[in-house]
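Worksheet: the structure to be examined is printed underneath.
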Amino acid sequence: MAYSVKEFVAQLTGISAKMILDDWTWKAFGYKKRPKRGAKFNRFVNQKKLISETFLVREIFISCFASGIIAIEFDKNMSERIVGFMLERFLNTEGIIKALRFDCKREAKNYLLEGIQEYVVVDLESFVTVFFKRATDFTESTFNKGWLISASRLTVDKDSPWVIINKTTKENFSIELVDDL
């Protein structure tokens, strides 16, 4: 059975976004569960904690999406087209820019594109290195060193979103994809 690339991107985007809401992912980073509060309440949260949470929200999505792309081993041109299509559709979804705590669409597009490009050029085991580098750059002095262990767990634990998405993508989409972009 052949799948369209648009179907692949839609499913991968949905699964990656769902991982942001998954308590398992947040527990891996030392939270009891996913932080749940509206934007109006963020001003009452410690700034360091908010920076860390913002990074995690964004990076969970980026790394999960990238883990699905590398599972199929697209050529560079197709990977870029897939990411472009995802950004176009995803960032036009109502409220997504605020949910990922970006100020504007351009900022969101640049951050997501840069992040995905950093992940798709390495194998799944090297995601930890990319994650660590991006975390230290983004969070600067607020970086939680325990995240290195957490990110390492995301490459080996069978319940990890990186592993699940990578494995599921290989199983479900290893069949021919019809280029409809």
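The values are calculated or read from the model by the stated rules, or taken from the named source; none is laboratory data. Predicted, not measured: the structure shown is a model, and the values here were computed from it. Note that we place each Cβ from the backbone using ideal geometry, even for glycine, and neighbour counts take in every protein chain shown. All accessible areas refer to the heavy atoms of the entire protein, side chains included, with ligands and DNA or RNA removed. Shrake-Rupley method; radii C 1.70, N 1.55, O 1.52, S 1.80 Å.
I need every pair where a residue in region 120-144 that is modelled with pLDDT of 90 or more has its Cβ under 8 Å from the Cβ of a residue that is in a loop (DSSP other than H, G, I, E, B), sequence separation at least 6 or different chains.
Every condition considered, the pairs that remain are VAL130/VAL122.
Please count how many residues of region 82-96 are assigned to a helix (DSSP H, G or I) and farther than 20 Å from ASP123 by Cα.
Adding up the residues that qualify gives 8.
Could you say which residue among VAL45, VAL5 is β-branched (Val, Ile, Thr) and either touching a residue at least 12 places away in the same chain (Cβ under 8 Å) or open to solvent by 80 Å² or more (accessible area, probe 1.4 Å) (or both)?
VAL5
Among what's in region 19-35 and is closer than 14 Å to ASP159 by Cβ and without any contact (Cβ under 8 Å) to a residue 24 or more places away in the chain, pick the residue that is surrounded by the most Cβ atoms within 10 Å (Cβ to Cβ).
Taking the candidates together, the pick is LYS27.
With respect to SER52, is the statement that it is closer than 16 Å to LEU154 by Cα, in contact (Cβ under 8 Å) with a residue 12 or more places away in the chain and either open to solvent by less than 30 Å² (accessible area, probe 1.4 Å) or outside any helix (DSSP H, G or I) (or both) true?
No, not satisfied.
Kindly indicate whether ILE116 is in contact with a Phe, Trp or Tyr (Cβ under 7 Å, 6 or more places away or on another chain), in a helix (DSSP H, G or I) and either within 12 Å of SER63 (Cα to Cα) or open to solvent by less than 40 Å² (accessible area, probe 1.4 Å) (or both).
Yes.
Scan region 11-34 for residues that are out of contact with any strand residue (DSSP E or B) (no Cβ under 9 Å at 6 or more places or on another chain) and assigned to a helix (DSSP H, G or I) and report the count.
Here is the first cut: in region 11-34, the residues out of contact with any strand residue (DSSP E or B) (no Cβ under 9 Å at 6 or more places or on another chain) are 12-34.
Right, trim to assigned to a helix (DSSP H, G or I) and you get 12-21, 23-28.
The number of residues fulfilling the criteria is 16.
When you go through LEU91, LEU148 one by one, which is the residue that is more than 21 Å from ILE69 (Cα to Cα) and among the aliphatic types (A, V, I, L, M)?
LEU148
Restricting the search to region 131-160, which residues are open to solvent by less than 20 Å² (accessible area, probe 1.4 Å) and either more than 19 Å from VAL83 (Cβ to Cβ) or in contact with a Phe, Trp or Tyr (Cβ under 7 Å, 6 or more places away or on another chain) (or both)? Lay out the reasoning, then the answer.
First, the residues of region 131-160 that are open to solvent by less than 20 Å² (accessible area, probe 1.4 Å): 131, 134-135, 139, 147, 150-151, 154, 160.
Passing the criteria: ALA135, THR139, TRP147, SER150, ALA151, LEU154, SER160.
Using the structure shown, decide if VAL163 is more than 19 Å from GLY14 (Cβ to Cβ) and surrounded by 13 or more Cβ atoms within 10 Å (Cβ to Cβ).
For VAL163, the condition - more than 19 Å from GLY14 (Cβ to Cβ) and surrounded by 13 or more Cβ atoms within 10 Å (Cβ to Cβ) - is not met.
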